[in-house]
Structure formats: C-alpha cells, structure tokens
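For reference, the structure is listed below as structure tokens.
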Amino acid sequence: MNTILRKSILGIAGLTVAGGLAAGPLNHDTSTPTTRNAAVTTTQAAKLDSAALIPHGVQGTQSRIDLDDEQTANVKAIIAATKKAGMDERAAVVSVATALQESKLENLGHLGDRNDHDSQGLFQQRPSSGWGTVEQITDPEYSTMAFLKGLKQVDGWRDMPLTVAAQTVQVSAYPDHYAQWEQQAADLVAEHWNS
C-alpha cells in the first residue's frame, strides 16, 4: 500500500473516531434531538461531498489564484459541459484543475512567440494534434467536451490521483503540475455545480 493511500486511510479513520467521539454525547442528549441530528447529518453530507470531489486527497503544495469574471464564466462553462457529457463532479474537478494549470482558466488564443507550438484555449489543445480547429478549441464547451472524451478513455481515471488522470489526457511536459490546483478546483466545483 503506498504512503499517500495509507495516510489517507489513517486520516479518515482518525476523523471518523474523532467525529464519533464528538457526536456520541449529542446522540445521548434528548433535549433537542432533531436539531442535533440535523447538524450531524449536514456535517456527514459535507464530508461525502468532499470525498467525491477529492477522493485521494490533495498531493503536494496547493496553489490558488483570484479569478475575474471571465475566468469564473469559464469555470461555469466547464461544469456545464461536464454535466452535458453525463459526467460527475469529480470529472469537473479534474477538468477545472487541468484548465487552471494550462491557462489559468483564460481562453487563450495564439500567443505568438510565447505560444507552446499551436496550443490554444482553456486546455492548451493543439489543432495539429487533432484536438479540433482553432475555432473549436477556443470554444469552452467544445474544448471541455474534447478533454472529457479523452478522460473517459482513460481506464480507471476515477481511481487515479488527479495529476495522473490529467496527464494521461494532456501528455504535458510537466506532468506533476496539475496536482497543485486540486483544492481550488474542488472549491470552485463545490461553489458552482448547482448555480
């Protein structure tokens, strides 16, 4: 069993024990059981949501940026495309984290001398690599659907750390860099999934 998985399991077990100790006395107090049981249920639901968004825990130091209106609109577009593709919140987290790494959620056109080959759009996809035309890959819905199509083809992507799943689709020169965006991506998906 690898170290990260072992630490995650031990951490969850520790939280479960601590949660049980904290909740135990509340369950024995009958003065306001409905209110207290509702609070416990809400806390459990929040843990389940976090477990669905970040099932393997974050890896390494996390980065975070402030988003402007355009970047936030791109997050919402990624989430909408994920839903349209029939995929879940975890797929949205992988997609948003990938776009954070590739473009900081900016729908980039050709950057001239600063361009990485012919990479463009939120996911820095390349027309010359078959991702689509420039018009297609600079459309947030299309580029997200193209990324998700690749993700669906990765056997066991749900059981992989985010950076491995993203790298398998993207084939980046910096495969570990996706990991740094997992927490912010999860926070953004949690905030905007139902909006």
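The values are calculated or read from the model by the stated rules, or taken from the named source; none is laboratory data. These numbers come from a predicted model, not from an experiment. Cβ placement follows ideal geometry from the backbone for every residue including glycine, while neighbour counts extend to all protein chains displayed. Note: accessible area is taken over every heavy atom of the protein model, side chains too, but ligands, DNA and RNA are not part of it. Shrake-Rupley method; radii C 1.70, N 1.55, O 1.52, S 1.80 Å.
Observations, loosely collected:
- Residue identified as open to solvent by less than 60 Å² (accessible area, probe 1.4 Å) and among the hydroxyl-bearing types (S, T, Y) among S95, S128: S95
- Note on the range 132-160: residues that are at pLDDT below 90 and of a type in the set (F, W, Y) amount to 0.
- One residue stands out among those in the range 141-175 that are within 13 Å of R90 (Cα to Cα) and of a type in the set (A, V, I, L, M, F, W, C): the one that is surrounded by the fewest Cβ atoms within 10 Å (Cβ to Cβ), which is M160.
- Failed condition for S50, given (1) open to solvent by 80 Å² or more (accessible area, probe 1.4 Å); (2) within 17 Å of the chain's Cα centre (by Cα); (3) modelled with pLDDT under 95: (1)
- Neighbours by Cβ (under 6 Å, 6+ apart or cross-chain): first from the range 78-91, closer than 21 Å to I137 by Cβ; second of a type outside the set (A, V, I, L, M) and open to solvent by 50 Å² or more (accessible area, probe 1.4 Å): A81/E141
- Pairs meeting the criteria (first residue in the range 129-148 and without any contact (Cβ under 8 Å) to a residue 24 or more places away in the chain and on the phi > 0 side of the Ramachandran plot, second residue in a loop (DSSP other than H, G, I, E, B) and open to solvent by 20 Å² or more (accessible area, probe 1.4 Å), beta carbons under 9 Å, at least 6 apart or on different chains) are G132/D139.
- Subset of the range 176-195 [surrounded by 19 or more Cβ atoms within 10 Å (Cβ to Cβ) and of a type in the set (A, V, I, L, M)]: A179, A185, A186, L188, V189
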